[in-house]
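Each remark here refers to the structure printed beneath this line.
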Amino acid sequence: MSQDLWELDAVGQAALVKSGEVSALDLVDAAIARIERLEPAIHALASVDFDAAREKARSRPSGPLGGVPFLLKDLLAYPGHKLTMGSRLFRNHVAPAGSPYTESLDAAGLITLGKTTTSEFGLLGSTETLLAGITRNPWDLSKSALGSSGGAAAAVASGMVPMAHASDGGGSIRIPASACGLFGFKPGRRRCVSTAQPDPFDFLIDHCVSRTVRDSALLLSLTEDPSAHPRVGYVDRPLDRKLRIGVYSTTLVGRAADPEVMHSLERTMRLCAGLGHEVVEAPPPPIDGAPLSDAFFTLAGAGMHDLACTMESMLGRAIGEDDLEPFTLALIHHYRRLPEGARARAAAAFAHASAQMLSYMEPYDVLLCPTLPVAPYDLGTLAPGLDRELLIRRTEVLAGFTPIYSMAGVPAMSVPLGSSESGLPLGSHFAAPLGQEATLLGLAYQLEAAAPWRHRWPAVTITARERASAAVLG
């Protein structure tokens, strides 16, 4: 083989198994060896079960992705694996069952090696917890992989596995994908089969982070809800029509993107125009982000309040600082001081903003903006022990573009087309109206062909021998 197994995407690895050139166990053993080499530096994993993975590999799993090693974010239940959700409160919890979503992953032939790290309950945009510790960005170990799917992004970016499960309720697929130089696709609302996770606000969607567009597109086809309409299916080729792409660069809280982010965005605009698309300036969405931020963290506090009450009833004791992180406790305490009706008012604010955003998108086939207005944060910037107000203000900066698309329920993606002055990846964010996943994936194939990224690897993941090999491969 001209490439090591870790350099291949999931479709490429599955093809080798189908041809008989390698076995599923070969793939699993190669992934385990890679994890053992890289995990001490990056810390992307919350737990592993290599014995179970090897046993499944020996059974020769079938399916379109038969034999491909895979990792699940530690917010998703999978039978026999820990489900801590990044919290000391659930440090010993093992999931008794999965869901229709995990059943579809098994049917695809994927082999689960373990769980990736996440912020506590996915609340913060950096993967640094009191339970599991700090997940580092493979491109710069002093930087955050962001979150809440930071472990998944760090694992894929470093080549531990070709793609990994991730989930997104405000940017948690797209933000770490941008920080780690990956393709991060968020399907639209209710596009995928159920994960059985509670989601009272209908924001959360499960999918993956990947190195290639085809991996993401194939997995979407294998996890798509059969009742979704119109069906997406397997999008396997570039778009064949011209799009009207509206571009803006100011966040909902009125912050302009940093100059290096703007340079990256301008390159993406030129790339899209060169592909024949009509690229036009768009005004920023006419939505005030400040009350939406208040609403988001009000509802997060409400959810954590409900969880704490349930666990206190089950455990027969109060939930405190040995169970939950300071930020989570602060959200609960703040929520409990709010006037009656706060939850309903927050939900109404979301519904209004969603309607505004859907109307704003109507003149365009696709909207383009930065994924992040800034380069990836230093570790510690979103540490859960910091003051609640400081963390919220810093989150408003980091997640200035992505949450509104979760509220609107539309498909969106971060495409790794740029880099900062220091060489950190910067994603370009694209979104399309409801039901237009195929449009985005078709555009992504175009961008991938015009400005390839899969050959870019962070130096921390490459040994001296591998670095020489990568140089020969170009």
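The values are calculated or read from the model by the stated rules, or taken from the named source; none is laboratory data. In this text the structure is predicted, and so the values were computed from the model without any measurement. Because the Cβ atoms are built from the backbone with ideal geometry, glycine has one as well, and the counts that use them run over all protein chains shown.
Observations on the model:
- The residues of the range 211-264 that are in contact with an Asp or Glu (Cβ under 7 Å, 6 or more places away or on another chain), of a type in the set (D, E, K, R) and farther than 24 Å from ILE404 by Cβ, listed by number, are ARG211, ARG214, ASP215, ARG231, LYS242.
- The residues on offer are SER221, SER249, SER216, SER227, and the sole one that is out of contact with any helix residue (DSSP H, G or I) (no Cβ under 9 Å at 6 or more places or on another chain), under 27 Å from ALA166 (Cα atoms) and at pLDDT 95 or above is SER221.
- All positions within the range 86-124 that are within 26 Å of LEU220 (Cβ to Cβ), among the charged types (D, E, K, R) and touching a Leu at 6+ places or on another chain (Cβ under 9 Å): LYS115
- Beta carbons closer than 7 Å, at least 6 apart along the sequence or on distinct chains, pair a first residue in the range 72-83 that is buried (at least 23 other Cβ atoms within 10 Å of the Cβ) with a second that is among the β-branched types (Val, Ile, Thr) and part of a loop (DSSP other than H, G, I, E, B) for LYS73/THR118; ASP74/THR84; ASP74/THR117; ASP74/THR118; LEU75/THR118; LEU76/THR195.
- The lone exception for ASP29 - which of (1) farther than 12 Å from ILE111 by Cα; (2) among the acidic types (Asp, Glu); (3) in a helix (DSSP H, G or I) it fails: (1)
- Unique residue being under 21 Å from PRO326 (Cα atoms) and at pLDDT 95 or above when the list is GLY184, GLY122: GLY122
- So GLY400, is it on the phi > 0 side of the Ramachandran plot and either touching a residue at least 24 places away in the same chain (Cβ under 8 Å) or touching a Pro at 6+ places or on another chain (Cβ under 6 Å) (or both): no
- Residue count for the range 294-352, restricted to those that are in contact with a His (Cβ under 8 Å, 6 or more places away or on another chain) and surrounded by fewer than 16 Cβ atoms within 10 Å (Cβ to Cβ): 1.
- Single match in VAL235, VAL261 (criterion: more than 26 Å from TYR360 (Cα to Cα), of a type in the set (A, V, I, L, M) and modelled with pLDDT of 95 or more): VAL235
- Looking only at the range 260-295, residues that are assigned to a loop (DSSP other than H, G, I, E, B), touching a residue at least 60 places away in the same chain (Cβ under 8 Å) and closer than 30 Å to ALA346 by Cα come to 4 in all.
- Residue in the range 234-244 that is of a type in the set (Ser, Thr, Tyr), more than 26 Å from ALA353 (Cα to Cα) and free of Cβ contacts under 8 Å to residues at least 60 places away in the same chain present: yes
Okay, residues lined up against (1) closer than 30 Å to ASP240 by Cα; (2) small (Gly, Ala, Ser):
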{"site": "ALA342", "(1), (2)": "no, yes"}
{"site": "SER359", "(1), (2)": "yes, yes"}
{"site": "ASP365", "(1), (2)": "yes, no"}
{"site": "THR371", "(1), (2)": "yes, no"}
{"site": "LEU386", "(1), (2)": "no, no"}
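- Filter result for ALA52 (under 23 Å from the mean Cα position of the chain (by Cα), more than 19 Å from LEU219 (Cβ to Cβ) and surrounded by fewer than 21 Cβ atoms within 10 Å (Cβ to Cβ)): no
- Given (1) assigned to a loop (DSSP other than H, G, I, E, B); (2) crowded, with 22+ Cβ neighbours inside 10 Å, index of the condition PRO96 fails: (2)
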